[in-house]
Amino acid sequence: MTDARSEKTVTWTILVVRTGGFAGLRREWRVSTSDEPGVDWPALIEACPWTTRYPPSRSNDRFIWRIEASAPRRTRKATLPESSLTGSWAVLVEQVRSAAGR
């Protein structure tokens, strides 16, 4: 059983990488949860369906999102097409982009 208070004190590093699109450009945003203590990062991370497998994009001009959340002895990774960046994924990505200054 995990103590919720200790879970909030764990420092996570969250990396969001967007590749693809018309020009094939790469954008990257990174945040350390210790830099943004007002956000409930553990809840945002836990809400995402990390084990879901997503079908590849059917269009070459769409974005692909790679999302990684790392803490001591824990790493979660997901790669998803633009069409799957909804719900909890969209919330997490928007929070990281906002915290990283876009």
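Bear in mind these aren't lab numbers, they're just calculated from the coordinates by the rules spelled out. Keep in mind the model is a prediction, meaning the values are calculated, not measured. Please note: Cβ atoms are built from the backbone with ideal geometry, for glycine as well, and neighbour counts cover all protein chains shown.
Brief remarks on what is shown
- Simple Cβ-charge dipole of the chain, Lys/Arg +1 and Asp/Glu -1, about Cα centre, in debye nearest 20: 380 debye
- Note that the stretch 9-19 has calculated 3J(HN,Hα) couplings of 8, 5, 8, 9, 10, 10, 10, 10, 10, 10, 10 Hz, one per residue in order, obtained from phi through the Karplus relation 6.51 cos²θ - 1.76 cosθ + 1.60 (θ = phi - 60°); glycine and proline are x.
- Note that the stretch 4-99 shows a convex hull volume over its alpha carbon atoms of 92 Å³ per residue.
- Modelled FRET efficiency - R0 30 Å, R97 with T51, Cβ distances, 0.05 increments: 0.80
- Against the main long axis of the alpha-carbon atoms of the chain, helix 87-99 sits at an angle near 80°.
- Amide H contacts under 5 Å for W12: T33, S34, restricted to partners 5 or more places along the chain or on a different chain, H placed in the peptide plane at 1.01 Å from N.
- In the stretch 4-99, taking the dipole from charged Cβ atoms about the Cα centre, the farthest positive-side position among C48, P37, F63 is held by F63.
- Only DSSP H runs of four or more residues enter the estimate; each adds -39500 (n - 2.57), and after division by the residues of the chain the mean residue ellipticity at 222 nm equals -7000 deg cm²/dmol.
- Fewest-first sequence of R53, R27 by Cβ atoms within 10 Å of each Cβ: R53, R27
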